[in-house]
Every structure is written in C-alpha cells, then in structure tokens.
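S.K.: The following block contains the structure, expressed as structure tokens.
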Amino acid sequence: MTSTIDASASAIGDRLLWAVDQLEIEIPSWGFANTGTRFRVWKQAGTPRTVEEKIDDAGTVHRYTGIAKTVAVHIPWDKVEDYPALLAYMQAKGLKMGAVNSNTFQDADYMLGSLCHPSAEVRQKALEAIVECCTIARQTDAPAVKVWLGDGTNYPGQDDLRWRRNRLLEGLQAVYEHLPQQARLYLEYKIFEPSLYSTDVQDWGGAMALCNRVGERAVVCVDTGHHSLGVNIEQIVALLLAEGKLGSFDLNDKKYGDDDLMVGSIDPYQMFRITHELINAMRDDGDPVAQKTANETAYMLDQCHNIEPKVPAIIRSVMTLQELFAKALLIDREALVAAQQRGDVLEANNLLWSAFFTDVRGPLGELRQQRGLPADPFHAYVESGEDEQRSADRVGGEAASW
Ligand code: RM4
Ligand code: MN
C-alpha cells in the first residue's frame with residue numbers, strides 16, 4: 001500500500017491548525033540590523049536606528065504572519081534605561097519578550113575568552129554581563145536568558161582545555177543563581193568560530209553535560225548552523241527531547257559553514273526532518289518527558305540577511321518554517337508506526353516523503369485568511385508599499401549594524 005495525501009484544503013485544514021494557531025516563532029531584534037561578512041557590511045535603506053524601530057519591524061512581521069509573537073533582544077545591543085517600558089512597547093504591538101541574549105564576545109577584554117578566560121577579573125566581568133541579562137529577564141518576564149560564548153583557543157597549548165571547562169561550569173552555576181524563577185537558561189553550542197582550534201561549548205554533548213551539572217532549567221539551544229557538514233541534526237534533536245534537555249532553536253540554513261542563510265533555503269528536507277521529530281514528540285506516545293520538552297521548545301530565527309531586504313526575508317522565513325511544520329503535521333503517525341513495526345522500510349520512508357512533497361501553501365493561505373491575515377504574507381508585504389515607506393521614514397541617525 002502506498003500512501004498519498006489528499007492536499008485539498010478541506011481534507012488537510014484541521015491537521016494544520018497547530019501551525020497556524022499554536023506555533024510561535026521568535027524574531028531576533030538583530031535580524032533587522034545591517035550585516036555582512038568579514039569582508040564588508042552591506043548598508044540597506046530603512047535599517048532601524050533604535051531598539052524601538054527593531055520592535056516596529058518585528059511587529060510588522062507579526063502583523064503579516066500572525067505567528068511571530070516574541071522578540072529576542074541582545075544585550076548590550078538593545079540596552080535601554082527602562083526595560084518595563086520596552087516590554088510595554090512590545091505588548092502594544094501584540095508582542096512578547098523572548099530570550100534575553102548575552103553578549104560576551106565583542107569587548108576587547110574578551111580576546112582570550114569570557115567565562116573561560118584565564119583571568120578571574122575578566123571572568124567576573126563576563127559573569128556580571130550575563131547577570132545583567134538575568135535582571136532584564138526578571139523585569140520583562142522573559143522566558144529565558146541565552147548564553148552563547150565565543151570562548152575558545154586558537155592554538156594547541158594556548159590554555160588548559162580542562163581548566164577552561166571547569167571555569168565555565170563555575171561561571172554558569174553562578175549565572176543560574178541569578179536566573180529569575182520563570183526563566184530558563186539556554187546554552188548554545190557552536191563547533192568553531194570565532195575560535196579556530198578549540199571552542200569551549202562546541203557540541204550538544206558538551207552543552208548537555210554542562211546543563212545537567214548546572215540545573216533543571218538549564219537547557220540546550222540548537223543553532224542549526226553550528227554543526228559540521230553531514231551531522232544528523234534531527235537525531236541530536238530526538239536525543240535532547242528524550243533527555244528533556246532541548247530548550248530552543250536558532251534557525252537558519254547553511255551550505256558550508258555558519259552561513260546564517262534563510263531557514264530551509266538550502267536544504268528544506270533537513271528542516272522538515274527536524275520538524276518531524278518535534279511534532280512526533282508532541283504526541284502522547286508514552287514518552288512524557290519528550291512530549292513536555294517538545295511543547296516547551298522555543299523557535300527563534302537566527303539569520304543574517306546580508307544582501308536581501310530584511311523584513312520580507314524574515315516574513316518569508318516565518319512562512320517557510322510554518323510550511324515545514326505543516327508538512328510534518330501531515331504525516332500519518334499511525335501508518336508510520338505500523339510500517340515501522342512490520343519493518344516496511346519503503347512505506348515508512350514514503351510516508352515522510354509524501355508529506356514533504358505535499359503543497360501546503362493553499363490550505364495555509366485559507367487558514368490565514370480566516371484569521372484576517374493575508375493568504376500570502378510575503379507578497380502582500382512586498383506589494384503593500386510599506387518597505388518603501390520604511391526607507392523613506394528612516395533617514396539620518398545611525399543605523400543598527402554588526
Ligand atoms: C552567534 C550565535 C548567537 C547569536 C550571535 C549574534 O553566532 O549564533 O546565537 O546571538 O551569533
Ligand atoms: Mn545562534
């Protein structure tokens with residue numbers, strides 16, 4: 001028996017409801033700033049100059065898509081005097097505060113590291129910077145504080161790998177004491193860069209081991225671009241779900257390194273295999289830890305739109321992610337389990353395959369329209385004239401930039 005999916009809106013509409021009514025995508029404030037590569041930062045017209053303008057842009061993405069409900073901030077890039085006022089500004093646009101991201105990689109003092117630095121003084125400075133994020137999280141009812149460190153070494157022998165790790169554990173344990181009750185600590189790993197020989201939090205295993213030592217609310221952030229080529233990311237996701245240690249995603253796509261391209265733009269099937277693991281775990285299939293973990297996982301975009309206009313690129317990324325979750329929702333779980341049980345390799349694979357190739361854009365468009373949203377948010381935005389208006393309004397001042 002070969003499964004095929006009836007792609008008519010009436011047949012699949014109900015199965016896609018979660019992707020329209022429950023899925024929340026987090027927009028990073030820094031996604032609207034000018035970015036580039038190590039060779040050049042490309043300046044675009046209409047780039048936000050203040051954190052409020054970044055929130056305005058996130059609000060635009062939410063207005064068109066209806067599912068971009070939270071905004072992540074990066075400190076000190078988004079430092080303000082009055083954080084409750086910043087939260088109120090978000091709420092007025094129907095947005096919530098997302099993760100408060102710490103930045104201990106740009107200050108000159110951090111050349112040899114932050115929480116892992118050989119000097120106790122620099123470690124203390126880094127700790128205070130992350131504790132400040134905890135304070136902001138408390139004032140804004142944020143769901144998380146996110147730690148990504150540029151820490152590592154460039155040459156063998158430069159520092160003691162084991163002692164760097166001991167310093168890191170001590171630092172994270174100190175951070176955890178300041179974490180507000182409602183918040184989780186997301187620890188993000190990355191295989192290399194800016195450090196080119198060793199990175200102190202280089203993979204999911206190292207991150208999870210640290211989280212296990214730090215506390216229950218310390219969980220792992222999977223940035224899809226932070227692995228070497230060929231790594232089976234969906235299997236990492238399955239493992240972290242089973243261990244109750246998946247916290248969040250930084251989503252993007254890559255061809256070679258940490259390319260920060262738009263999600264699904266290079267390998268949508270890989271992103272689909274990840275959404276499949278997540279949707280699969282959300283069901284009650286006898287693994288309550290994975291189910292709870294999947295239901296609490298946060299989905300943030302972490303992309304650089306170096307040459308493409310930012311707001312439509314982010315709207316498109318939100319839509320792509322929604323489509324890939326929708327396709328995963330189409331998989332016939334009962335048939336899949338049955339095929340797996342009887343060892344029907346081809347049919348089991350075909351169930352994923354046919355869901356992936358089902359065009360969900362029409363049914364999603366109808367569901368959006370029923371909720372007062374444009375059927376096709378991307379084209380609606382591009383044709384609205386808002387992008388031109390945004391460029392005309394934002395003249396002068398200093399554009400946010402990498
Ligand atoms: C890092 C990492 C972090 C992000 C910064 C800007 O590579 O992915 O999540 O905050 O870049
Ligand atoms: Mn990231």
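S.K.: In square angstrom, rounded to the nearest 10, how much accessible surface does residue 26 have for a 1.4 Å probe?
M.R.: That residue has around 20 Å² of solvent-accessible surface.
S.K.: Next question. With every protein chain left in place, what is the accessible area per residue of the chain in square angstrom, probe 1.4 Å?
M.R.: 45
S.K.: Right, something else. Please sort 67-78, 147-158 by packing, taking for each peptide the average over its residues of neighbouring beta carbons within 10 angstrom, highest first.
M.R.: Descending mean neighbour count gives 67-78, 147-158.
S.K.: Another one. Keeping all protein chains in position, work out how much accessible area residue 353 exposes to a 1.4 Å probe, and write it in Å² to the nearest 10.
M.R.: Near enough 110 Å² of accessible area.
S.K.: Can I ask one more? From Cα pairs below 8 angstrom and at least 6 apart in sequence, can you work out the relative contact order of the chain, rounded to a whole percent?
M.R.: 22
S.K.: Using the charge dipole of the stretch 253-397 (Lys, Arg: +1 at Cβ; Asp, Glu: -1 at Cβ; taken about the Cα centre), state which of 357, 385, 282 has its Cα farthest towards the positive end.
M.R.: Farthest towards the positive end: 282.
S.K.: Expressed as a whole number of Å, what is the distance separating the alpha-carbon centroids of the stretch 112-173 and the stretch 221-275?
M.R.: With the stretch 221-275 and the stretch 112-173 each reduced to a Cα centre, they are spaced 24 Å.
S.K.: So if I place +1 on the C-beta of Lys and Arg and -1 on the C-beta of Asp and Glu, and nothing else carries charge, what would the dipole magnitude of the stretch 159-308 be about its Cα centre? I want it in debye, nearest 20.
M.R.: Once rounded to the nearest 20, the dipole reads 380 debye.
S.K.: Under the rule of -39500 (n - 2.57) per DSSP H run of 4 or more residues, summed and divided by the residues of the chain, what mean residue ellipticity at 222 nm is obtained, to the nearest 500 deg cm²/dmol?
M.R.: Result for the chain, helices only: -14000 deg cm²/dmol.
S.K.: Mind checking the full-extension length gain between residue 256 and residue 121? Use 0.36 nm per residue of separation minus the Cα-Cα distance, one decimal, nm.
M.R.: Stretched fully, the residue 256-residue 121 segment lengthens by 44.9 nm.
S.K.: Let's see if you can work this out: charge +1 on each Lys and Arg Cβ, -1 on each Asp and Glu Cβ, no other charges. What is the dipole magnitude of the stretch 47-119 about its Cα centre, in debye to the nearest 20?
M.R.: Result for the stretch 47-119 is approximately 380 debye, rounded to the nearest 20.
The values are calculated or read from the model by the stated rules, or taken from the named source; none is laboratory data. Keep in mind that this is a model prediction, so the values were computed, not measured. Reconstructed Cβ throughout: ideal geometry from the backbone, glycine too, with neighbour counts over all protein chains shown. For the accessible areas, the whole protein counts, side chains as well, though only heavy atoms, and no ligand, DNA or RNA atoms are used. Shrake-Rupley method; radii C 1.70, N 1.55, O 1.52, S 1.80 Å.
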